[in-house]
Amino acid sequence: QERLVESGGGLVQPGGSLRLSCAASGIQFNIYKMGWYRQAPGKQRELVAQITTSGRTTLVDSVKDRFTMSRDNTKDTIYLQMNSLRAEDTAVYYCNAQFLTVTLWGQGTQVTVSS
């Protein structure tokens, strides 16, 4: 059974940090391009960051100076290190896996940035 499980979300003050994790199971992890998406209340889901099978990362402009994405193929896990968090980063963060026509999603983890 293919499965993606996110963890690490929570409530943090502006300027704080969080590290999200997404553990994959039931897939050949190293052949999947992985991504982090987020969806804020009343908004569409948007791409935050992606990492290729070779480890090349792409981050959207709004986070590229604050967030870092990585993957550990020995643990079938990806990470999103989020620093200098802002209120506008508040959203449900989803893990995504893509290989050819296969797309998988996790259940999401809530990140709330508030004082």
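Bear in mind that the values in this text are calculations on the coordinates, not laboratory data. Being a predicted model, the structure only gives us computed values, none of them experimental. Positions of Cβ are generated from backbone atoms using ideal geometry, with glycine treated the same way; all protein chains shown enter the neighbour counts.
Return the tail of the calculated pair distribution for the stretch 52-115, meaning the percent of Cα-Cα pairs more than 19 Å apart.
The answer is 39 percent, as a whole percent.
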Cα-based Rg / Dmax (Å) for the stretch 1-44:
13.6, 38
With a cut-off of 8 Å between alpha carbons and a minimum separation of six or more residues, what is the relative contact order of the chain in percent?
36
Peptides 34-42, 49-57, 89-97 ordered by average Cβ neighbours within 10 Å, highest first
89-97, 34-42, 49-57
Taking only the alpha carbons of the chain, the radius of gyration and the largest Cα-Cα distance, Dmax, both in angstrom, are 13.4, 42
